[in-house]
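Colleague: First the structure, which I've put down as structure tokens, then a few questions once you've had a look.
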Amino acid sequence: MNKSNLIKNFPLIILMLSFGLFKSQNSEALFNFPGYDDMIGKTFSVEQFSSTNDENFSFENLSGKPTVINFWSTICEPCIEEMPHLNNLYQELKDSAHFIGITFSTKENVEKFLLKHNFLLDLITNADYKLIEQNRITRFPMTIILDKDQKIAYVLGKVNAENVELIKKELKK
């Protein structure tokens, strides 16, 4: 792309970066957020987070199936917009994949939020912001897909109509 085309297409390029629409070099099917390729293949330690019942998720309980981990917030409009897509994925694939939603919002705020919004994932509330930061969650929503061995396969932005079918295919593999 020459300089004049680059300048002319700058808004589109920024949009593509914002929504993670560039293909990862090791992904044929899904698009990873730029800058996260170095996380692919590394184990994601879900044990560091506690469930709403203050129990830590166990690696053993999650192994054997892929896992979708969605980082979200009760005050994040794009997070709310993606919830129907995540709920549909959950309803269709709950027997063949794990689904976890992690938020730093308090349990009380999430309970109030759920009175108005349907979100079916297993939820972790009160997540330590330092843990979120340590795991390089830099914006909301962000979704990490783990393979059956709990290794990071994909790091995505907003789950939407364009990528939900690709996510389904990956989870069904």
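Colleague: Within the stretch 106-114, is there a residue that is free of Cβ contacts under 8 Å to residues at least 12 places away in the same chain and hydrophobic (A, V, I, L, M, F, W, C)?
Modeller: Yes: one or more hits.
Colleague: So in the stretch 98-140, with the set limited to residues that are of a type in the set (A, V, I, L, M) and over 25 Å from PRO34 (Cβ atoms), which one is surrounded by the most Cβ atoms within 10 Å (Cβ to Cβ)?
Modeller: Selected residue: ILE124.
Colleague: Another question, if that's okay. Consider VAL155 against the criteria (1) among the aliphatic types (A, V, I, L, M); (2) over 19 Å from SER63 (Cβ atoms); (3) part of a helix (DSSP H, G or I); (4) open to solvent by less than 10 Å² (accessible area, probe 1.4 Å): it satisfies all of them except one. Which criterion is unmet?
Modeller: That leaves (3) as the condition not met.
Colleague: Turning to a different aspect of this structure: So GLU92 clears everything in (1) out of contact with any helix residue (DSSP H, G or I) (no Cβ under 9 Å at 6 or more places or on another chain); (2) open to solvent by 50 Å² or more (accessible area, probe 1.4 Å); (3) more than 27 Å from ASP38 (Cα to Cα) except one condition, right? Which one?
Modeller: Here GLU92 meets the rest and fails (1).
Colleague: Out of the stretch 36-63, which residues are open to solvent by less than 60 Å² (accessible area, probe 1.4 Å), modelled with pLDDT under 85 and part of a loop (DSSP other than H, G, I, E, B)?
Modeller: TYR36, PHE44, SER45, PHE49, SER51, THR52, PHE57, SER58, SER63
Colleague: Condition test on ILE145, is it in contact (Cβ under 8 Å) with a residue 12 or more places away in the chain, outside any helix (DSSP H, G or I) and in contact with a Lys or Arg (Cβ under 8 Å, 6 or more places away or on another chain)?
Modeller: no
Colleague: With the structure loaded, tell me whether THR143 is of a type outside the set (Phe, Trp, Tyr), open to solvent by less than 60 Å² (accessible area, probe 1.4 Å) and touching a Ser or Thr at 6+ places or on another chain (Cβ under 8 Å) or whether it fails that test.
Modeller: Values: of a type outside the set (Phe, Trp, Tyr): yes; open to solvent by less than 60 Å² (accessible area, probe 1.4 Å): yes; touching a Ser or Thr at 6+ places or on another chain (Cβ under 8 Å): no.
Against the criterion (of a type outside the set (Phe, Trp, Tyr), open to solvent by less than 60 Å² (accessible area, probe 1.4 Å) and touching a Ser or Thr at 6+ places or on another chain (Cβ under 8 Å)), THR143 does not qualify.
Colleague: State yes or no: is GLU82 in a helix (DSSP H, G or I), at pLDDT 50 or above and open to solvent by less than 50 Å² (accessible area, probe 1.4 Å)?
Modeller: Criteria met by GLU82.
The values are calculated or read from the model by the stated rules, or taken from the named source; none is laboratory data. For clarity, every value in this text was computed on a predicted model and none was experimentally measured. Cβ: placed from backbone, ideal geometry, glycine included. Neighbour counts: every protein chain shown. For accessibility, only protein heavy atoms count, side chains too; no ligands or nucleic acids. Shrake-Rupley method; radii C 1.70, N 1.55, O 1.52, S 1.80 Å.
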